[in-house]
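Inspection log for the structure reproduced underneath, given as structure tokens.
The values are calculated or read from the model by the stated rules, or taken from the named source; none is laboratory data. In this text the structure is predicted, and so the values were computed from the model without any measurement. Every residue, glycine among them, receives a Cβ derived from its backbone with ideal geometry; neighbour counts consider all protein chains shown. Calculation scope for accessible area: heavy atoms of the full protein, side chains included, ligands and nucleic acids excluded. Shrake-Rupley method; radii C 1.70, N 1.55, O 1.52, S 1.80 Å.
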Amino acid sequence: MNTLVPFIPFLPLIGFIINGLFGKQLSKNAVGLIGSGTLLGSLILSVACFNQIGASGPIQVNLYQFLAVDGLNVGFGFLVDQLSVWMMLIITGVGFLIHVYSVGYMHDDDGFYKFFAYLNLFVFSMLLLVMGDNFMMLFFGWEGVGLCSYLLIGFWYENRSYGEAARKAFIMNRIGDLGLLLGMFLIYQTFGSLNYAEIFAKLPLIRVEPGVITAICMLLFVGAMGKSAQIPLYTWLPDAMAGPTPVSALIHAATMVTAGVYLVARCNGLYAMSHEASEFIAIIGLTTSIVAALIGLRQNDIKKVLAYSTVSQLGLMFLALGMGAYTTAIFHVTTHAFFKALLFLAAGSVIHGMGGEQDIRNMGGLRKAMPITFWVFLIGTFAISGFPFLSGFFSKDEIFAYTYAHGGIIWWALGALSATLTAVYMSRLLYVTFFGDFRGTHEQEHHLHESPLVMTAPLMVLAVLSVVGGLLNLPHFMGLGEGEWLAHWFGGNGLNNMPVVPMNPLHLEESLEWGLMAITTVLALIVLLGSYFIYQRSKNLPVADEAQVGLSKLFAHKFYVDEIYNFLFVRSTEKLSKLLHYYVDVWALDGLVNGVGKGVQSVGAQFRKLQNGNIEYYLIGMVAGAILLVLTMFL
């Protein structure tokens, strides 16, 4: 198996090379088969790795020595343990379904082959990120997904606003990446290595200055804030909805934005040594979750609602990480990958059926024309809202249980508020889009149709996963077997015979756990039922943005954060750039270069007058020269 491990990331890379170089000459069916087939191969190999790790432990493969400079030795190698193989299954599994969906969604696009080439390159980078056995490999994958995100968000680059959204994502991610890079420098200075096994083996023995571990954790978290869209580096993700819908599902729901969660979970040994960094992560996560949920209440673009939902759910994952519940965070990463990919792809099916329309105020009554899309969207909505016994019900309540145990009732109440707001905006989205009367144009109504099987089949698979995904980590108090299977899986020993992700015991009475679960469940059910009467029975519809007042207006305009950023950073940077362009580039540098050129031309023009073709002038010059020579000899 060890010899086949490198093929897991390299198969998508091969797909990228083939489609990128020869895709224009291939048929669309061939391009789709290559793009999806290479990922299916990676999925099969990932399943094989999963089985081997369960039987005999982690796999480590060193291909070659990548860098050896003054004591810094970095290998190009892979570490496939319980954490990385689980991420590999999510990336390749959900990624394969999205590739299949894209065959139908992007079939009429002229850039079909480029799209699949970019998707394959993204998956290669993401697999490199989670499979690498050192921080350098992680950083290569980290930058790779940033590049692919830029290419895919701005895929329809003819639209200027889409290009600006891609640039915004690229720049904000670079800000976070600087923190990650500085954290890596400090790790090497402290531990003398960038290799995971060597660093984590030294953790119980190392003695460092107070605050060094905290500084490392904070710098790494800055990188996670950028990639996983946490305050203040979160505004790029909603704008990233400019890309095709499969991009939103793959990059901005199921894989790339969870890279920050993976980073913190991988470095759990470091964060366990820094209470300050963990508390900071919890504060940022909870704040991000509530703020994004409030903004989502008043968004009318179907993809923007889901985008702010993603930001909010990522905040809950970081809340869990801050509370030390690393397994719980990865559990929610898993269930979120199922139902959020489902919701994005179902939204893409709606957009496809509506001929490109994304404003939910122009929809309504779609459940009759698009029954499959409606039912899977219903399942996704209930799952993310915490409907009993669906996947999100278990993963979110586990987060809140740990929040109560380690943070207290105030933290738990704020987390429950975020979950309740999730049910509010998601039920609003469901009822306004699929219930009531159709509110679009006659042409849109005529165009309405269910998506083809190549698009609906992945939706049905994801719907099933959204229903049963909670079985992966059932609470122990439910009495269904041993329970907490995923926690035991991650708690298996890694290369140093230490748990990859240690189990964090939950010291709560069963009656209290049942009570906390009951409260959040009742809140979700009340919201789902109440929203039905508000938006279906009473036929209350979202109002125009200009008609919003008070808090509604504040939420609709996203707390004016984009406007503040534009004023403080974008406009000031553009003005400074214009000043530097005029005074430094044009006036100083261009003036200096052009001035030297003009000076040489002027001197040349004066000397050129001596070459006038008149022999008398030449004789005078010869005589004058002779006289100067004689005078020089005498003087």
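A few points about this structure:
- Alpha-carbon centroid distance for the pair segment 39-83 / segment 317-332, whole angstrom: 24
- Estimated [θ] at 222 nm from DSSP helical runs (n ≥ 4, -39500 (n - 2.57)) normalised by residues in the chain, nearest 500: -22000 deg cm²/dmol
- Derived scalar couplings ³J(HN,Hα) [segment 10-27; Karplus, 6.51 cos²θ - 1.76 cosθ + 1.60; whole Hz; x for Gly, Pro]: 6, 4, x, 5, 5, x, 4, 5, 5, 5, x, 8, 10, x, 5, 8, 8, 6
- Taking the Cα centre of the chain as origin and assigning +1 to Lys and Arg Cβ atoms and -1 to Asp and Glu Cβ atoms, the resulting dipole is close to 1020 debye.
- Coupling constants for segment 56-66 follow from the phi torsions by the Karplus curve (6.51 cos²θ - 1.76 cosθ + 1.60, θ = phi - 60°), and in residue order they are 10, x, x, 10, 10, 10, 9, 7, 6, 7, 7 Hz; glycine and proline get x.
- Remark: spin-label model distance SER577-THR3 equals 5.2 nm, labels positioned 7 Å along the Cα→Cβ axis.
- Cut-off under 5 Å, modelled amide H: who pairs with GLY132 long-range: LEU79
- Modelled FRET efficiency - R0 30 Å, SER602 with ILE171, Cβ distances, 0.05 increments: 0.10
- Charged side chains reduced to their Cβ positions (Lys and Arg at +1, Asp and Glu at -1) give segment 264-405 a dipole of some 440 debye around its Cα centre.
- Proximal aspartates and glutamates relative to LYS578, as straight alpha-carbon distance under 20 Å, when same-chain residues fewer than 8 apart are discounted: GLU164, ASP590
- Karplus-based coupling profile of segment 118-135, in residue order and whole Hz: 5, 4, 5, 5, 4, 4, 4, 5, 5, 5, 4, 4, 8, 8, x, 9, 8, 5, with θ = phi - 60° in 6.51 cos²θ - 1.76 cosθ + 1.60 and x standing for Gly or Pro.
- Cross-link pairs LYS24/LYS340; LYS114/LYS368; LYS28/LYS340; LYS202/LYS340; LYS227/LYS396 - those with Cα-Cα distance over 29 Å: LYS24/LYS340; LYS114/LYS368; LYS202/LYS340
- Candidate values [x] 1.12; [y] 1.05; [z] 0.97, label of the one derived for Rg/Rh (Cα atoms, Kirkwood Rh): [x]
- Relative contact order for the chain, counting Cα pairs under 8 Å that sit 6 or more residues apart, in percent: 12
- For the chain, the carbon plus sulfur part of the accessible surface works out to 67%, probe radius 1.4 Å.
- Put simply, the amide H of PHE66, placed in the peptide plane, has neighbours under 5 Å in VAL74, GLY75, PHE76, leaving out anything fewer than 5 places away on its chain.
- Contour minus Cα-Cα distance for SER511 and GLU445 (0.36 nm per residue): 18.6 nm
- Whole-angstrom gap from segment 485-541 to segment 408-434, using each part's C-alpha centre: 13
- Counting only Cβ charges, +1 for Lys and Arg and -1 for Asp and Glu, the dipole size of segment 391-448 around its Cα centre is about 200 debye.
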